[in-house]
Structures are given as structure tokens and as C-alpha cells.
Amino acid sequence: MSTPPEALSASQIAEKSRDVEAVVPPEGADAIAHVPVRPIKVIRPPSFSLSTIFTGLRTLTQYSDLLYTLSLFRLNVRYKQSVLGWTWAALQPLALMGIYTLIFTRVTRVETGGVPYPVFVFSALLPWIFFSSTISNAVNGLVLYPNLLTKMYFPREIIPLSYVLAALTDFCIASVILMGVMTYYKVPLTLHLLYAIPIIVVLGGVAAAVALFLSAIQVRFRDMGLAMPFLLQIWMFTVPVVYSLQSVPERYRAIYLLDPIAGLIESFRQVVVHGAAPEPRSLAFCAGLTLIGLALSYAFFKSSEATMADVI
Amino acid sequence: MLDIKFNNVSKKYKLRTNGDSAKRWYRRGPQKSGDMWALRDVSFQVREGEALGIVGHNGAGKTTILKLLSSITAPSSGEITIRGRLAALVEVSSGFHPELSGMENIYLHGAMLGMRRSEIRRKLESIVEFSGVGRYIDVPVKRYSSGMYVRLGFAIAAHLDPDILLLDEVLAVGDAAFQAKCLDRITDLRKDGRTLVFISHDLAAVYRLCDRALLLNHGSILVDGPPRQVIDHYEEMTFADQGTSLEEVASSRVAQCTSITFSAPDSPEIRTGHPMTACLGYRASSSVPNAVFRVSIYWPSGYLCTQLTTETNGCKPLLAPGAGTIEFRCSKLPIVPGLYRVDLSIESNGNEIDLRQRCATLRVEPGEIVYGDFFVDNTWEVSEPRSHPVTSKAD
């Protein structure tokens, strides 16, 4: 067993730095031992401008390890001291699937186009839960630990974004269950399933845009956090989760699909359940809308970030 | 090269009770709005490798400067330029999560401070050793003692390897041994040519660590100069705010102090190692038996430095009614340069009959060279080596 050469004890490090100082003058030591080119940072009063997106993204890449660590930590903490642990990621959509199946096959009937209702609803619940759990967690993310905002600095968007990644992991776990459910109900698994990947990427973008926007507002106005649970409940019934897009009257469908979530969830279900390719125009529309929304939302977030510590 | 540049920086806070409530929206008429300027038009620069101390009363704007430097908040106007990687050691364990183990928290907190995972992995062993947490490293930090918590936090921050280090009262944590360790680490970084910005109420530490200091008052810079000068100014300002006067009290006191003057016979200033005279004036309304006079000289920290007293002389004069003076003469003043607070008191038969707390100050200028706490009067001579050269050869 040997320790790697870089692993020095504190005293050894101190010793080493003294050695360096003894051999070369301080300026020389500085240039050799440390980063040769120092970053220059200029801090000015905050303003809303799209140029903050680029400086923001540059800083964000420097902190990419924090985004990874924090997302991992969200998952770790969530399931710490719980008996069932990771199975919760699958239990929640399964339970919802059960209750909706009971209601929409026994109490009333929903047109599914011949697909077994559990598969029909489960395939839409997964993207919806990915979106809604991101939003409901991220909205409170910044205000949950005010100390982080008032005592130390890191790009604040990492907090809402870490919830997106954590929810994405949960989504992946639940996807395995979805395939199990599909196999059970003898719905064929096709290669078209791969189309789900771009759909989920765009959905993640929408979730990130909404999370950034709402979490920045929540720092100032706590009404956001209070309104979110029931807003999300209403939102779920305005997108095709428990019913199909075909049940929406034709003349309202264009307005209905202005909500990118509705379009994305419908596309996801098409791909998974019907093994069909998504409609390219609809997906492109959603992607374009998401990109614009994400840019605006990020610029807004960065402009309000500067004073978050003062108002929280 | 300049590492930090503050260019006419101001920071304004809006005074509100608690966020914006709906009332603000439907209330008519002019709204009451209070602004608080935490910093007003502050400009200063820090050179590479320089150690800058910032002192000032609570609310003078010290922490605001630190928050601006570390990007926690942004200025209302002005511009700040920072050259290099900056690390702030402010409440070092605020990023900890109680449910995670010490090890997991090292990764999380280290990442929040801007360290790469690979960097943390490389320094892990050293961090754990520095913290002294040892075998508890895999235990959730909610089970840690508060000391372990803070030590782990500092251990991570101490391994940041920044170009510019910001310190805010962090030396006030942990036990004496750990504080010494922290100070060693900071001294090492200083020797290495790193820039330091140090915010503290511990004036002795500012004097010890810094090359230059700023005195802040109500959001602007009052003095910018060598630490000694700034500390003196700050202490004078502090003393001006408190203390009693020597005006006569028209009371039933049988005797009272009326004046105190410190002087040096041969120079306008009082200097360490030079003669000093303290002249205490008093007035007695009736005769006072066994009177003892005391001139107590206090450190700025509030501890008694020394006392001039008539008690030790063995003679306890019976004061006659009327006014008089007592002169204390000191041939070589042993106390080090600085500003001291002075209390005066008169006792009779062991009972205090007059006490004037903080009624005067004593400024001591540098005189004889002193290292340590006080000057020792001494003489010295050199004895020349005789004809035999010293050899270290052993037969």
C-alpha cells in the first residue's frame, strides 16, 4: 500500500512552500507554483442584459463539478434515513398509475385508442412527474438554506439546475419500471423509443427555464412557493396526462398545444406507446420556444442573482 | 500589480420590514422608503502580496466590503476589479449539510468553494488530517461537536490555494491549538506572496498580520495607512464615544479628582523607556484620613496594564481640605507604544470615595526599542574574546 505522490500532509505542504520561497524570489515562485494567468473579474451594478448569459455560462462551466456534486447530494439526502430508499422514485408514479387507472376505467371511461390504460397513463405520468417535481422542489431550493446565499458565493443557478438533474435521475429509474409495465401489457418495445431522448432533453430545458424563473421570484415573493402546489395540480389537467390529445376538441387544439409541456408529453406518449416518430414540426416548435424561454429566464435569473443575498 | 481595486463603490440597502407585502401594491400616496448606505463612494486598492486589514465599528461597512469582494452581493454603483482566484473564509461551515458524512461534506463544501473534484481528491488526506476529525470522517456531521464542525470547515477552506484570501473573524473559532494552526496556515500563505484582506475587531491581530489598514466609519474610509496609525485612530474614536468627564461633581463627596495630565520633562510626547510625569489634581471638602490615590492604566482591550498608586509608598497622607496635586514620577516608562485608557480613584481607609472611569487617555509614542509586552531597563556591554580562539574540535 503506498500513498500517491501528491497526497502530502499539511505540514509537508507548508514545508514545500517554504522550500520554494527559499530557492526563488517570491514573484518567480508565484509564476511557477500557481496559475500563470490570473482571471480578472469586474463587478458592476446588476442589469438585465443578454450578455450576462455568456459570462454566466463561463462561470458555470468552472463550477460544473458543483452541479454534479449537488445533484448527487439531492438524491442522497432525499433517500437518507428512509427504509424504502430509491424505490420511492418508482413507487410514486406506480401509485398514481393505480389510482388513475381505477378512476378512468371503473368510474368513467377515457378514449385511449386501444392502449391499456395503465400503460397509457404511466407513459405520460413519467415526463409530467419529471417536470412537476423539478418545479416544486426548485422553487423552494434557494430559500431553503438562506445561509448558502448570504455567506458564500457560487453561481446560484446551480441550485435550481441540480433539481432538474436529480429529477432526471428519478425519471431514468422510473423508465425501467415503464418498460416492465409495457412488457406486462404486451405493448411492443421498438427502436422508436430512442426518440424519447430528444423529447426529454427539450422537456428538461423547459423545466430548467421555469425553475430558474420561479426560484428567482420566490426569493423576493414567497407567494410563488405557496401557489405552486395547486398551480401544478391545475397544470396537470391542462396537459394530456390522464386523457388523450384526441379528446380535446379540434378547434381548441392549436391553443392547447401552445403549452410546450402538452406537446412534449403527447409526443413522448406517441413514441413510447404507439412506437411512432414524433411530429417534427411540433417538436421543433417546442425546442425553439424552450431555447428562447431558457435564454430570457437565465438572463433574468442572473440579473436578480446579484441582490438575492440582500432580499432573502 | 493590483489585485483588488474598488472604484467609487457604493452599496445601498432598502430598509423594509420584511420583503414586499401586498400592502405596498394597493396603498396610495407616497410610500415611506428608507435607504441605508452601507458603503458610500469607497475607493481603495490592494497590491499583489499585500495584507490589508479593515477595522471599524459594527455597521461601519466591513462585512459589506467582504460580501462585495466575494460576489455574494453586487454594488449599487461603482466598479470592483479582482485579479486572481479569491477565497473567503467567512463562517466556514455554512455550506454543510447535517445529514451527510464528513467525507461527503468535504466534497460538497469544497465544490461550493470552487474546488474541482479531482483537486479535492488530491487534497483529501491532508484536509482530514488538518481538521483532526479523524475516524469520525464517515459519521454524519449532525453528530459532530460544534468544534469539529468548524474545524472541518476551516480545513477545507485552508486548502483552497487562492491568490487572494479574505478573512472575517475566523480566527475566533476552535481551541487555542487549532487557532495556532490556522494562524500558521495564514502565515504560510502570506510568506508565499498571497494577497490577504483581513476583517477583525482583534486589533492586535490586524497589527501582527497586516501591512496596511483601512478605518471605516459609517460606510466611508476615514483613514488609509500603516496599521499602527489606523489602530490608534480607531482607538481614539472608540474612547471619544465613552467615558466620564472630570468635571467637578457638586456632591457630598469629601474628595474628588479634578484633573490629570501626563507629561514628559524633555519632550512634547511621552515615549517608551523615557521619563514620564503624571500630575493628578484633587479637591477635598474636609480632611480625609489614610488617603490612597490610584491612576489605573488600561489596555484598549480593557485589561489593567499597570497602576500608579500612593499605596505602595507606605505613607498614607491625611488630606487637608482644599485643592492640591499629586505628582507621580517614572524615570523609564516600561509600557509599549499605544493608546491607553485611564481611571482615577481616591480611597480613604480602604473605601472608595471617588472613582472616575475612563476619564482620560494616555498616548505612548515609540521610544526605546521594545519587542514583547514591556520595556525592561537594562545596560549591556561586549566582552571581547581573549587571545585563545574558540575551537569546536574535540580531542
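The values are calculated or read from the model by the stated rules, or taken from the named source; none is laboratory data. The shown structure was predicted, so the numbers you read here are calculated from the model rather than taken from an experiment. Note that we place each Cβ from the backbone using ideal geometry, even for glycine, and neighbour counts take in every protein chain shown.
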Is it true that residue A:282 is more than 14 Å from chain B (Cβ to nearest Cβ) and buried (at least 16 other Cβ atoms within 10 Å of the Cβ)? yes
Being over 21 Å from residue B:372 (Cα atoms), part of a loop (DSSP other than H, G, I, E, B) and over 11 Å from the mean Cα position of the chain (by Cα) is the filter; apply it to segment B:175-215 and report the residue that is farthest from the other protein chains (Cβ to nearest Cβ). B:175
List the pairs whose first member sits in segment A:219-240 and is more than 14 Å from every other protein chain (Cβ to nearest Cβ) and within 24 Å of residue A:110 (Cβ to Cβ), whose second member is of a type in the set (S, T, N, Q) and surrounded by 15 or more Cβ atoms within 10 Å (Cβ to Cβ), and whose Cβ atoms are under 8 Å apart, counting only residues at least 6 apart or on separate chains? A:232/A:132; A:232/A:136; A:235/A:132; A:236/A:132
Among the listed residues A:164, A:187, which satisfies the condition of being modelled with pLDDT under 90 and aliphatic (A, V, I, L, M)? A:187
Residue list for segment A:149-164, filter: within 14 Å of chain B (Cβ to nearest Cβ) and over 20 Å from residue A:220 (Cα atoms): A:162
Would a scan of segment B:121-129 turn up a residue that is touching a residue at least 40 places away in the same chain (Cβ under 8 Å) and assigned by TED's automatic domain parsing to the domain that holds residue B:66? no
Right, residue B:109: facing chain A (nearest Cβ under 10 Å), part of a helix (DSSP H, G or I) and either closer than 21 Å to residue A:82 by Cα or in contact with a Gly (Cβ under 6 Å, 6 or more places away or on another chain) (or both) or not? yes
Any chance segment A:150-158 includes a residue that's at pLDDT 90 or above and part of a helix (DSSP H, G or I)? yes
Filter result for residue A:163 (closer than 24 Å to residue A:95 by Cα, more than 23 Å from the chain's Cα centre (by Cα) and among the aromatic types (Phe, Trp, Tyr)): no
Residue that is nearest to residue A:215 (Cα to Cα), among those in segment A:248-304 that are at pLDDT 90 or above and among the acidic types (Asp, Glu): A:259
Looking for whichever is closer than 28 Å to residue A:236 by Cα, in the same structural domain as residue A:173 (by TED's automatic domain parsing) and either modelled with pLDDT under 80 or touching a helix residue (DSSP H, G or I) at 6+ places or on another chain (Cβ under 9 Å) (or both) here; the options are A:121, A:83. Which one fits? A:121
Criterion (modelled with pLDDT under 90 and either under 25 Å from the mean Cα position of the chain (by Cα) or part of a helix (DSSP H, G or I) (or both)) met by exactly one of A:88, A:128: A:88
Residue count, segment B:112-155 (criterion: outside any helix (DSSP H, G or I), within 12 Å of chain A (Cβ to nearest Cβ) and more than 26 Å from residue A:67 (Cβ to Cβ)): 1
Looking at segment A:297-312, which of its residues are within 10 Å of another protein chain (Cβ to nearest Cβ) and assigned to a helix (DSSP H, G or I)? A:303, A:305, A:308, A:309, A:310, A:311
Mind checking which residues of segment B:91-106 are more than 8 Å from every other protein chain (Cβ to nearest Cβ) and in a helix (DSSP H, G or I)? B:102, B:103, B:105, B:106
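Results for (1) within 25 Å of residue B:162 (Cβ to Cβ); (2) surrounded by 16 or more Cβ atoms within 10 Å (Cβ to Cβ); (3) among the hydrophobic types (A, V, I, L, M, F, W, C); (4) modelled with pLDDT of 80 or more, shown as yes or no for each residue.
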position	(1), (2), (3), (4)
A:38	yes, yes, no, yes
A:46	yes, yes, no, yes
A:49	no, no, no, yes
A:64	yes, no, no, yes
A:107	no, no, yes, yes
A:139	no, yes, yes, yes
A:143	no, yes, yes, yes
Checked segment B:44-90 for anything under 18 Å from the mean Cα position of the chain (by Cα) and within 7 Å of another protein chain (Cβ to nearest Cβ); matches are B:90
Do we have residue A:87 as touching a Phe, Trp or Tyr at 6+ places or on another chain (Cβ under 7 Å), farther than 30 Å from residue B:120 by Cα and surrounded by fewer than 21 Cβ atoms within 10 Å (Cβ to Cβ) here? no
Return only the number of the condition from (1) farther than 30 Å from residue B:71 by Cβ; (2) buried (at least 16 other Cβ atoms within 10 Å of the Cβ); (3) under 19 Å from the mean Cα position of the chain (by Cα) that residue A:288 does not satisfy. (2)
